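To keep things clear, I will list the structure first and then write my remarks on it.
The values are calculated or read from the model by the stated rules, or taken from the named source; none is laboratory data. Computed from a predicted structure; not experimentally measured. Counting neighbours? That spans all protein chains shown, and the Cβs are built from the backbone with ideal geometry, glycine included.
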Amino acid sequence: FPLHEMRDDVAFQIINDELYLDGNARQNLATFCQTWDDENVHKLMDLSINKNWIDKEEYPQSAAIDLRCVNMVADLWHAPAPKNGQAVGTNTI
């Protein structure tokens, strides 16, 4: 922990400056990451940033979207369709 408190804008700037030392995500074609996004991606992330994704009872619609995404990824990978219609997977949103 820091020895002293700091203003939020100072903390942001420190972390922002450190993140510039990372690689360029747009040039990272070697991993399963998205190399391009648009304004709508950021809007959706902003809408979801305060949600506790593990609490599916509190956020049932987010859980339903999550299950749809898991099914889409399973279909893209030609996974066998389970009898209950719900593919098994991890959170994708």
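In segment 54-72, what residues are outside any helix (DSSP H, G or I) and among the aliphatic types (A, V, I, L, M)?
I54, the sole residue that qualifies.
Any chance you could count how many residues in segment 58-71 are among the acidic types (D, E) and either within 14 Å of the chain's Cα centre (by Cα) or surrounded by 14 or more Cβ atoms within 10 Å (Cβ to Cβ) (or both)?
Adding up the residues that qualify gives 1.
Being modelled with pLDDT under 90, surrounded by 11 or more Cβ atoms within 10 Å (Cβ to Cβ) and not in a helix (DSSP H, G or I) is the requirement here; does A81 meet it?
For A81, the condition - modelled with pLDDT under 90, surrounded by 11 or more Cβ atoms within 10 Å (Cβ to Cβ) and not in a helix (DSSP H, G or I) - is met.
Suppose we filter segment 49-72 for residues that are within 11 Å of N91 (Cβ to Cβ) and touching a Ser or Thr at 6+ places or on another chain (Cβ under 9 Å); how many remain?
6
Residues are listed down the side, and each one gets a yes or a no for (1) without any contact (Cβ under 8 Å) to a residue 40 or more places away in the chain; (2) surrounded by 11 or more Cβ atoms within 10 Å (Cβ to Cβ); (3) of a type in the set (S, T, N, Q):
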residue: L29; (1), (2), (3): yes, no, no
residue: V41; (1), (2), (3): yes, yes, no
residue: S48; (1), (2), (3): no, yes, yes
residue: V73; (1), (2), (3): yes, yes, no
residue: V88; (1), (2), (3): yes, no, no
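Would you check if there is a residue in segment 7-26 being surrounded by 11 or more Cβ atoms within 10 Å (Cβ to Cβ), part of a loop (DSSP other than H, G, I, E, B) and at negative phi?
Scanning segment 7-26 turns up no residue that is surrounded by 11 or more Cβ atoms within 10 Å (Cβ to Cβ), part of a loop (DSSP other than H, G, I, E, B) and at negative phi.
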